[in-house]
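All remarks here apply to the structure that follows.
The values are calculated or read from the model by the stated rules, or taken from the named source; none is laboratory data. Quick caveat, the model's predicted, so the values are computed rather than measured. FYI the Cβ positions are ideal-geometry reconstructions off the backbone, even for glycines, and counts take in every protein chain you see.
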Amino acid sequence: MSDLQIFRSVVREGGITRAAEKLNRVQSNVTTRVRQLEEDLGVELFIREGKRMQLSPAGKLLLDYADRLLDLAREARDALHDEAPRGVLRLGSMESTAAMRLPAPLHEFHQLYPGVSLELRTGDPKVLAEAVLAGEIDAALAAEPLCEGPFEKTLIYNEELVIVAPPHHPLIRVPRDAQPQTVLAFEYGCSYRARMEQWFAMSGHVPAKIVEITSWHAIIGCAAAGMGISMVPRMLLTSFLEPHHISIHALPPGVSHAPTMLIWRKGAASPNVRALREVLLAKAEPAAKKMAKRARA
């Protein structure tokens, strides 16, 4: 890149002598560097007539590229030291969080940082964590328990979990109260499924059957129809069905809440990720804000 800077300076200053003065170099060094550049490229960049130097056709072509490359290099240097959010932010999220939690904060983020282009993908916490570690996404919203890895994280939501069952189902306190004891859940890797299996294990039971379904709408609809029970975030129920279509049952403290974290790879908190974190915390529950403030102290 320095050879291009010397070449451009010779062109702009009108010769070796002035370019050397401008660059604070000796003339012989500037002459040598120009000759080396010509040898590397295999073309004559200047037409030499005595001490006069005029750009050759190849030199004119290179000058255009040199201007663009050097300007781009300067822009890249400036961007590396600029803390303003810009460019692309690749965010991962669980489907339920994306549907119910993110519309408002992402709208605000877009209003505050129009220079950031947001890409959103959904998946279960295991897939999202792996994508963060692989560099496929910059950050993700995933519920604990999370797989081990070099993550930094901030609590954003602490979702209340409940059991949903058909309407008029008798009170469910423990798994054996459910009839039938069929679990409706996402595939393996879903943190809510893991918590439901934990709830069964706490009572010394295992589900009679697990039916894997890939949609929250379908899971809640099947529970309402009597196909089985499921563990879901309470906030989902506000938009899926009327209350009389299902029965809702509280869970014991050990499994009743699922902390949802914003995670990113350790040491890789870009200005975009930091800006998103602040917007999400501004919309988060008081408990999440308090914990984040304590972590920063």
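Kindly indicate which of 76, 20 is free of Cβ contacts under 8 Å to residues at least 24 places away in the same chain, touching an Asp or Glu at 6+ places or on another chain (Cβ under 9 Å), in a helix (DSSP H, G or I) and not polar (S, T, N, Q).
Answer to the selection: 20.
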ask   = Are any of the residues in region 127-138 of a type outside the set (Lys, Arg), crowded, with 20+ Cβ neighbours inside 10 Å, assigned to a strand (DSSP E or B) and touching a helix residue (DSSP H, G or I) at 6+ places or on another chain (Cβ under 6 Å)?
value = no
Within region 147-192, of all residues that are in contact (Cβ under 8 Å) with a residue 12 or more places away in the chain and part of a helix (DSSP H, G or I), the one nearest to the chain's Cα centre (by Cα) is 191
Taking region 216-237 and keeping residues touching a residue at least 60 places away in the same chain (Cβ under 8 Å) and under 21 Å from residue 122 (Cα atoms) leaves 216, 230, 231, 232, 233, 234, 235, 236, 237
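Return the only residue of 138, 124, 67 being touching a Lys or Arg at 6+ places or on another chain (Cβ under 9 Å), assigned by TED's automatic domain parsing to the domain that holds residue 258 and more than 17 Å from residue 277 (Cβ to Cβ). Show your work before the answer.
Values: 138 fails: more than 17 Å from residue 277 (Cβ to Cβ); 67 fails: assigned by TED's automatic domain parsing to the domain that holds residue 258.
Residue meeting the stated conditions: 124.
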Residue pairs within 6 Å by beta carbon, gap of at least six or interchain, first lying in region 52-64 and in the same structural domain as residue 16 (by TED's automatic domain parsing) and within 13 Å of residue 8 (Cβ to Cβ), second surrounded by 12 or more Cβ atoms within 10 Å (Cβ to Cβ) and not small (Gly, Ala, Ser), listed first then second, are 59/45; 59/46; 63/11
Expected single match for over 13 Å from the mean Cα position of the chain (by Cα) and surrounded by 13 or more Cβ atoms within 10 Å (Cβ to Cβ) among 99, 84, 104 is 99
Q) Do we have any residue at all in region 177-185 that's among the charged types (D, E, K, R) and modelled with pLDDT of 90 or more? A) yes
Check your understanding: Would it be correct to say that residue 36 is surrounded by fewer than 18 Cβ atoms within 10 Å (Cβ to Cβ), touching an Asp or Glu at 6+ places or on another chain (Cβ under 8 Å), assigned to a helix (DSSP H, G or I) and at pLDDT 90 or above?
Key -> yes
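Among the residues of region 152-168, write down those that are of a type in the set (Ser, Thr, Tyr) and either under 15 Å from residue 238 (Cβ atoms) or at pLDDT below 90 (or both). First the steps, then the outcome.
Quick first cut of region 152-168, residues of a type in the set (Ser, Thr, Tyr) only: 154, 157.
Selection gives 157 alone.
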